[in-house]
Amino acid sequence: MQKKNYIWLYVSIIAFIILCALAFVFQSIYFIYAASAVPIIIVLFMPDMNGVQWISPSKSKNRLLIYKVQASDPSDSDMLIISFQPGYVNWNKRYLYFSLDKIPTLPQVQVEDFTTNLAVLSSDLHMHKSKQGFVGISVPNLIERSKPMPYTTNEVNRMTIRMADLHHVATSRKLKTSVGAKKSLRA
């Protein structure tokens, strides 16, 4: 949510409180009518807190594992694996965020008995705007790509991301911010 929307949210809450107080002081039904319309405006400017899911291995009690795997062949790319129990990822969210800090490197992929893998492409990734080091995965893109697959997203228990794609997304974010900073200096 933009700062501009937060300002309108606060203004509409204050307007609601003032109209309720005026209705009480003047015993006027018209102020009550006006105050009853303000919650509709408040709802329009409320932030969408439920649009993202934050995942962290330390907070998931062995339901999630995020690790890097080095490729055995130098021509292959290293991979980042997000392994989780089915049902851990909320597929109704827009973005799934995780931190790039303190990700361990394992020599090989940890294989479960029934692994359903979903590849995450560079077009599915983006860096968080305000939180440094957090990468977001677009959940609707994954759902759309998995439609022709013989399994549903609820059966998926592992996502695979090429480290080259992560580096590309991270560097493109840094380039955008540095280019934006140069533009602001010219203006």
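The values are calculated or read from the model by the stated rules, or taken from the named source; none is laboratory data. Quick caveat: nothing in here was measured; it's all calculated off a predicted structure. Please note: Cβ atoms are built from the backbone with ideal geometry, for glycine as well, and neighbour counts cover all protein chains shown. Just so you know, the surface numbers come from the protein's heavy atoms only, side chains and all, with ligands and any DNA or RNA stripped out. Shrake-Rupley method; radii C 1.70, N 1.55, O 1.52, S 1.80 Å.
A few comments on the model shown:
- Among the trypsin sites (Lys or Arg not before Pro) in region 65-173, those placed in a DSSP loop whose Cβ has at most 10 other Cβ atoms within 10 Å are Lys102, Lys129.
- Per residue solvent-accessible surface (Å²) - region 21-136, probe of 1.4 Å: 67 Å²
- Rounded if a/c under 1.5, otherwise prolate or oblate - region 86-144, Cα gyration tensor axes: oblate
- Taking a ≥ b ≥ c as the square roots of the eigenvalues of the Cα gyration tensor, region 51-169 is classed as rounded, since a/c falls below 1.5.
- Protection proxy ranking of 79-91, 18-30 - average other beta-carbon atoms within 10 Å, highest first: 79-91, 18-30
- Calculated FRET efficiency, Lys131 to Tyr30, Cβ-Cβ distance, R0 = 41 Å: about 0.35 to the nearest 0.05.
- Cβ-placed point charges (K, R +1; D, E -1), dipole of region 11-105 about Cα centre in debye, nearest 20: 320 debye
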